[in-house]
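Asks: Here it is: the structure, laid out below.
The values are calculated or read from the model by the stated rules, or taken from the named source; none is laboratory data. This is a predicted model, so every value here is computed, not measured. Note: ideal-geometry Cβ built from the backbone for every residue, glycine included; neighbour counts use all protein chains shown. All accessible areas refer to the heavy atoms of the entire protein, side chains included, with ligands and DNA or RNA removed. Shrake-Rupley method; radii C 1.70, N 1.55, O 1.52, S 1.80 Å.
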Amino acid sequence: MPVPKGSTIDPERTRSSIIDAATPLLYERGLDGIGVAELCSRLGVSKETLYRHFGNKDGLVEAVLKARSDRVTSWIATAAAAAGEDPRDQLAAVFDELQQWYEEPSFRGCAMHNAAAQHQAQPVTGITARHLDRRLDLLTAIARRAGAADPETLGRQLLLLVEGATLIAAHHDRTSAGTHAKQAALALLDAARPAGA
């Protein structure tokens, strides 16, 4: 990212700009689908700048995945919170948001799934596991607010529906995977709620 003459270099802003620019490129092409030289050229940075801020391409990949996990986790949590106080509405909002994402032309599946499939070693698998833990925490909290007798189990079941729907949308049917998963999730939630709740 060229710095205009007379400007002060802000390392954190530079790092953040590189992450922002690399995120869609690595999502579209895959982590191994672009070499360092082309990556730097497309980002408009030198190899030296990339290495100074991230150590190497793997460091950039890790930073991109962590930032994406933060962004996706916040997006889904915000959608659930905006749905109101009813856990059923919160859960429906999660799947509605996911379905909208699946229908976007740029949808290429979950970046975490894709990364873990390409790099089956630490630290990528660790980042993916933490991402799933964060999603599980959100779903378990919804189950707990719904009064489920076993919110941890219900949270895991809901996570399976979220991740399964995302996988199906990426590889089979993006037009209704989220909708079908939402129906199953709401049925599970209704069955887990105490009578009269």
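Asks: Return only the number of the condition from (1) at negative phi; (2) surrounded by 15 or more Cβ atoms within 10 Å (Cβ to Cβ) that GLY126 does not satisfy.
Replies: The number of the failed condition is (2).
Asks: Follow-up question, since we're still on this one. Looking only at region 137-159, which residues are farther than 15 Å from LEU98 by Cβ and of a type in the set (A, V, I, L, M, F, W, C)?
Replies: Hits for region 137-159 are ALA141, ALA143, ALA146, ALA148, ALA149, LEU154.
Asks: Quickly run through region 45-90 and pick out the residues that are farther than 15 Å from ASP20 by Cβ and hydrophobic (A, V, I, L, M, F, W, C).
Replies: Listed by number, the residues that qualify are TRP75, ILE76, ALA77, ALA79, ALA80, ALA81, ALA82, ALA83.
Asks: Looking at region 86-98, which of its residues are open to solvent by 70 Å² or more (accessible area, probe 1.4 Å) and touching a helix residue (DSSP H, G or I) at 6+ places or on another chain (Cβ under 8 Å)?
Replies: Selection gives ARG88 alone.
Asks: Here's something else I'd like to know. When region 137-180 is examined, which residues are found to be in a loop (DSSP other than H, G, I, E, B) and over 30 Å from PRO105 (Cα atoms)?
Replies: Residues satisfying the conditions are ALA146, GLY147, ALA148, ALA149, ASP150.
Asks: For region 22-40, which residues satisfy the criterion of being open to solvent by 40 Å² or more (accessible area, probe 1.4 Å) and in a helix (DSSP H, G or I)?
Replies: PRO24, GLU28, ARG29, ALA37, GLU38
Asks: Taking only pairs six or more apart or across chains, which ones have beta-carbon atoms under 6 Å, a first residue in region 82-111 that is closer than 16 Å to VAL162 by Cβ, and a second residue that is β-branched (Val, Ile, Thr) and open to solvent by less than 20 Å² (accessible area, probe 1.4 Å)?
Replies: The qualifying pairs are PRO87/ILE142; GLN90/ILE142; LEU91/ILE142; VAL94/ILE76; CYS110/THR166.
Asks: Next question. Looking only at region 52-62, filter to residues that are in a helix (DSSP H, G or I) and open to solvent by 60 Å² or more (accessible area, probe 1.4 Å); which one of those is nearest to PRO151 (Cα to Cα)? Write out each step before concluding.
Replies: Looking only at region 52-62, we keep the residues that are in a helix (DSSP H, G or I), and these are 52-54, 57-62.
Remaining after also requiring open to solvent by 60 Å² or more (accessible area, probe 1.4 Å): 52, 58.
Values: ARG52: 45, ASP58: 37 Å.
Among those that are in a helix (DSSP H, G or I) and open to solvent by 60 Å² or more (accessible area, probe 1.4 Å), it is ASP58.
Asks: Could you tell me whether any residue of region 172-193 is modelled with pLDDT of 95 or more, in contact with a Cys (Cβ under 9 Å, 6 or more places away or on another chain) and either crowded, with 17+ Cβ neighbours inside 10 Å or not small (Gly, Ala, Ser) (or both)?
Replies: No - not one qualifying residue is present in region 172-193.
Asks: In addition: Which ones in region 112-135 are among the hydrophobic types (A, V, I, L, M, F, W, C) and either free of Cβ contacts under 8 Å to residues at least 24 places away in the same chain or touching a Ser or Thr at 6+ places or on another chain (Cβ under 8 Å) (or both)?
Replies: Answer for region 112-135, where residues must be among the hydrophobic types (A, V, I, L, M, F, W, C) and either free of Cβ contacts under 8 Å to residues at least 24 places away in the same chain or touching a Ser or Thr at 6+ places or on another chain (Cβ under 8 Å) (or both): MET112, ALA115, ALA116, ALA117, ALA121, ILE127, ALA129.
Asks: Pull out all pairs, ordered by first then second residue, where Cβ-Cβ is under 6 Å, the residues are six or more apart or on different chains, the first lies in region 169-190 and is over 16 Å from ARG156 (Cα atoms) and among the charged types (D, E, K, R), and the second is open to solvent by less than 70 Å² (accessible area, probe 1.4 Å) and part of a helix (DSSP H, G or I).
Replies: Close Cβ pairs satisfying both conditions: ARG174/TYR102.
Asks: Then there is this: Six or more apart or on different chains, Cβ under 7 Å: which pairs go from a residue in region 17-39 that's over 17 Å from ASN56 (Cβ atoms) to one that's open to solvent by 40 Å² or more (accessible area, probe 1.4 Å) and part of a loop (DSSP other than H, G, I, E, B)? Could you list them?
Replies: Sorted first by the residue in region 17-39, then by its partner, the pairs are SER17/MET1; TYR27/ARG108; GLU28/ARG108.
Asks: For region 63-85, how many residues are crowded, with 19+ Cβ neighbours inside 10 Å and either touching a Ser or Thr at 6+ places or on another chain (Cβ under 6 Å) or among the charged types (D, E, K, R) (or both)?
Replies: 2
Asks: Something else about it: Which condition from (1) closer than 17 Å to THR179 by Cα; (2) outside any helix (DSSP H, G or I) is the one that GLY84 breaks?
Replies: Of everything listed in (1) closer than 17 Å to THR179 by Cα; (2) outside any helix (DSSP H, G or I), GLY84 misses just condition (1).
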